[in-house]
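Trainee: Mind having a look at this structure? Questions to follow.
No value in this document is a laboratory result; all are computed from the given coordinates. A quick note: this is a predicted structure, and the numbers were derived from the prediction, not measured. Quick reminder, even Gly has a Cβ in these numbers, built from the backbone with ideal geometry, and neighbours come from all protein chains shown.
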Ligand code: HEM
Ligand code: HEM
């Protein structure tokens, strides 16, 4: 029992900060449990690791392109002229106690951060967690995703080694390829011609202050919205659009999440200890006249690199201007297309279905076959671009012709997504059929029965109530014809009717309440269609 003195101290703080009320409201907040909800957390914790390790690196790293002759312990580079940035990265790696470890943890954390954010985004996409009311959090997430990529790129450009300079040269090419204003953009960013001496100090400011501050602000807004909306949940027993089933934030979830932070930090530390990453001393200092064979960017930039490698060499010369479509199209336009599609998708889907209700129960990907198929097609297209970024490595490792790989990839980026789209859609529809069959006819029991006339059949038992909940809790939309009126009272245009047919047309009819009652003999299941099941 707290002493009266203790209570006075607590009350003094509470009068000024109002924490008790806030705690009462938020600490009991229920958080549902599912492994896929850990993806956002992995992104969050690797971001924290980046902040912690990044601060350590700032103590030793010198963001300067002033030239020095290397005079450290790494014999192979002794006396080599290099920038202070590169020399200080070598010092960090060889002389600062724990420096190499922290550098490697920082780099692995960066790779994990972008990877976790990407897979988290896919989870949100495939389960429809971006639907009302979470559209704004989807957009904030996309902002985070874009900033994370730029932040990572700025980071690995800092050491001014041969690999980072090659990456910057690539970025320089993208800038220059912007029609008409390209050279001005280059001069603005590099303070003159590439590489100049301004870029490392500028990127440093961007890397340790500007983008981390933006990321922090957006992460705070992102998480505040998760708390405000409450988390979504997968369909399951007792779960409805109006409740959240799970553990309270405090103590259960806080303990789990706190522990998970240390798991992520621990794994990153092990990776930093045992797995070498970015050994800049092997690459040597940047020199615009050299490129190492087999240069590869960090994974999240690979798709752009691949796009540039396989685009044909289209170039226009009009008057005194050069239009380098071979870099502008794959670099600048492709990124623009990807982000425009991602930004637009929640709104496009809403326009097609005409659905304006809130969604807190997640979709099982099979129940929205067209969205799922589109997502898989987009992933496979990305993968083809990404593989193209390694065309030289594939050629040397598998003894194949570089040109043939390039021609193959030019076709693959169009053909592979069409194939994966069709296959995914068919798999989803088959899974819907299987679900329907299980609900209506029960699941195979493994018990073989012999009839008096000698025929065999397998007995089917009704699926459990728990499973029936899960299988029936999704919203379905009718495929409307042009001119009819949708849920929101809007007339369906011809164009929208066509899109509806494409998006919803293949869905297997949902098991109706009547069918369910007929097969199960009772109706304890909330199929998400507004029955009065008591909330749990
Ligand atoms: C270097 C990524 C946040 C400070 C790097 C490198 C990457 C990176 C990939 C190259 C590491 C290497 O040498 O192999 C990121 C990402 C961040 C982030 C993705 C956040 C999302 C920060 C923060 C700070 C920081 C918050 C400081 C407060 C540094 C410094 C270097 C560096 C000083 C140069 C030292 C070096 O290259 O060894 N960063 N970083 N970083 N980062 Fe970060
Ligand atoms: C939810 C963190 C990027 C969209 C969450 C959650 C966390 C989180 C911790 C709650 C747990 C979970 O569902 O995983 C982060 C961090 C990011 C990031 C640190 C760093 C880059 C993104 C991206 C998107 C996104 C790229 C989408 C484009 C969402 C949405 C929710 C969410 C819509 C709510 C999901 C729900 O309630 O089911 N985020 N996220 N986030 N995130 Fe992110």
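Trainee: Can you work out D for the range 253-320 in µm² s⁻¹ from Stokes-Einstein, where Rh is the Kirkwood radius over C-alpha pairs, the temperature is 25 °C and the viscosity is 0.890 mPa s?
Mentor: 145 µm²/s
Trainee: Would you work out the relative contact order for the range 222-350, in percent, from Cα pairs under 8 angstrom that are 6 or more residues apart? List each step's numbers first, then the result.
Mentor: Details: 41 pairs, mean separation 14.0, N = 129.
This gives 11 percent for the range 222-350.
Trainee: What fraction, in whole percent, of alpha-carbon pairs in the range 389-443 exceed 12 Å separation?
Mentor: Numbers: 1088 of 1485 pairs.
So the pairs more than 12 Å apart make up 73 percent of the total in the range 389-443.
Trainee: Right, next: In Å and from the alpha-carbon atoms only, list the Rg and Dmax of the range 225-273.
Mentor: Final numbers for Rg and Dmax: 15.2, 47 Å.
Trainee: Using every pair of alpha-carbon atoms in the range 1-98, split the distances into 5 Å bins beginning at 0 and state the percent of pairs per bin, rounded to integers.
Mentor: That works out to 2, 10, 11, 10, 9, 8, 9, 9, 8, 8, 6, 6, 4, 1, in percent per bin.
Trainee: For the range 316-393, just list the percent of Cα-Cα distances falling in each 10 Å bin from zero outward, please.
Mentor: All Cα pairs considered, the percentages come to 13, 33, 26, 18, 8, 2.
Trainee: Taking every alpha carbon pair in the range 62-204, what does the distance histogram look like in 5 angstrom bins from 0, in percent?
Mentor: With 5 Å bins starting at 0, P(r) equals 2, 9, 14, 16, 15, 13, 12, 9, 5, 3, 1, 1, 0.
Trainee: Just for the Cα atoms in the range 410-496, what are the lengths along the principal axes, largest first, rounded to whole Å?
Mentor: The Cα atoms of the range 410-496 stretch 58, 46, 28 Å along their principal axes.
Trainee: For the chain, take the longest principal axis of its alpha carbons; what is the angle in degrees between that and the long axis of helix 334-353, to the nearest 10 within 0 to 90?
Mentor: 20 degrees
Trainee: Distance between the C-alpha centers of the range 388-413 and the range 20-50? Whole Å please.
Mentor: Each part reduced to its Cα centre gives a spacing of 43 Å.
Trainee: Mind listing the Cα extents of the range 232-356 along all three principal axes, in Å, largest one first?
Mentor: Extents along the principal axes: 67, 51, 20 Å.
Trainee: Can you give me the Kirkwood hydrodynamic radius for the range 330-454, using every pair of distinct Cα atoms, in Å to one decimal?
Mentor: Numbers: mean 1/r = 0.0541 Å⁻¹.
By the Kirkwood definition, the hydrodynamic radius is 18.5 Å.
Trainee: Run the helix sum for the chain: -39,500 (n - 2.57) per DSSP H stretch of 4+ residues, divided by residue count, reported at 222 nm to the nearest 500 deg cm²/dmol.
Mentor: Values: 20 runs with 307 residues, N = 536.
Result for the chain, helices only: -19000 deg cm²/dmol.
Trainee: Follow-up. At 0.36 nm per residue, minus the direct Cα-Cα distance, what do residue 227 and residue 396 gain on full extension? Give it in nm, one decimal, please.
Mentor: On the way: separation 169, 0.36 × 169 = 60.84 nm, distance 5.07 nm.
Gain on stretching residue 227 to residue 396: 55.8 nm.
Trainee: I've got another one for you. Under a point spin-label approximation (7 Å from Cα along Cα-to-Cβ), what is the residue 135-residue 26 distance to one decimal in nm?
Mentor: For the pair residue 135/residue 26, the computed spacing is 2.7 nm.
Trainee: Continuing with this model, one more query. Taking only the alpha carbons of the range 449-527, what extent do you get along each of the three principal axes, in Å, biggest first?
Mentor: Between the extreme Cα coordinates on each principal axis of the range 449-527 lie 58, 30, 17 Å.
Trainee: Using Cα pairs closer than 8 Å and at least 6 residues apart in sequence, work out the relative contact order for the chain, in percent.
Mentor: In percent, rounded to a whole number, it is 17.
Trainee: What angle do you read, to the nearest 10 degrees and between 0 and 90, between the alpha-carbon axis of helix 162-176 and the longest principal axis of the chain?
Mentor: The answer is roughly 70 degrees.
Trainee: Continuing with this model, one more query. Given the Cα-Cα distance of residue 436 and residue 60 and 0.36 nm per residue of separation, how much length would full extension add, in nm? Show your work: numbers first, answer last.
Mentor: On the way: separation 376, 0.36 × 376 = 135.36 nm, distance 6.24 nm.
This chain segment gains 129.1 nm when fully extended.
Trainee: Further question: With N set to the number of residues, divide the alpha-carbon radius of gyration of the range 140-252 by 2.2 N^0.38 Å and report two decimals.
Mentor: Values: Rg = 21.2 Å, N = 113, 2.2 N^0.38 = 13.3 Å.
It is 1.60.
Trainee: While we're here: Using a 10 Å cut-off around each Cβ, can you sort 368, 48 from fewest to most neighbouring Cβ atoms?
Mentor: On the way: 368 25, 48 15.
The order, fewest Cβ neighbours first, is 48, 368.
Trainee: Over the chain, consider all pairs of different Cα atoms and compute the Kirkwood hydrodynamic radius from their mean reciprocal separation; express it in Å, one decimal. Numbers along the way, then the final one.
Mentor: Working: mean 1/r = 0.0366 Å⁻¹.
After inverting the mean inverse Cα-Cα distance, the result is 27.3 Å.
Trainee: Report, in degrees rounded to the nearest 10, the 0 to 90 angle that the Cα long axis of helix 494-504 makes with the longest principal axis of the chain.
Mentor: Between helix and principal axis, roughly 90 degrees.
Trainee: May I ask for the distance between the Cα centers of the range 91-158 and the range 66-90, given as a whole number of Å?
Mentor: Value for the Cα centre distance between the two parts: 30 Å.
Trainee: Using alpha carbon coordinates only, what is the Rg to Rh ratio of the range 349-388, with Rh defined as the Kirkwood radius?
Mentor: Details: Rg = 13.8 Å, Rh = 12.1 Å.
Ratio of gyration radius to Kirkwood radius: 1.13.
Trainee: What is the calculated FRET efficiency for residue 485 to residue 97, with r their C-beta to C-beta distance and R₀ = 51 Å, to the nearest 0.05? Don't jump to the answer; show the numbers that get you there.
Mentor: Numbers: r = 72 Å, r/R0 = 1.42.
Rounded to the nearest 0.05, the efficiency is 0.10.
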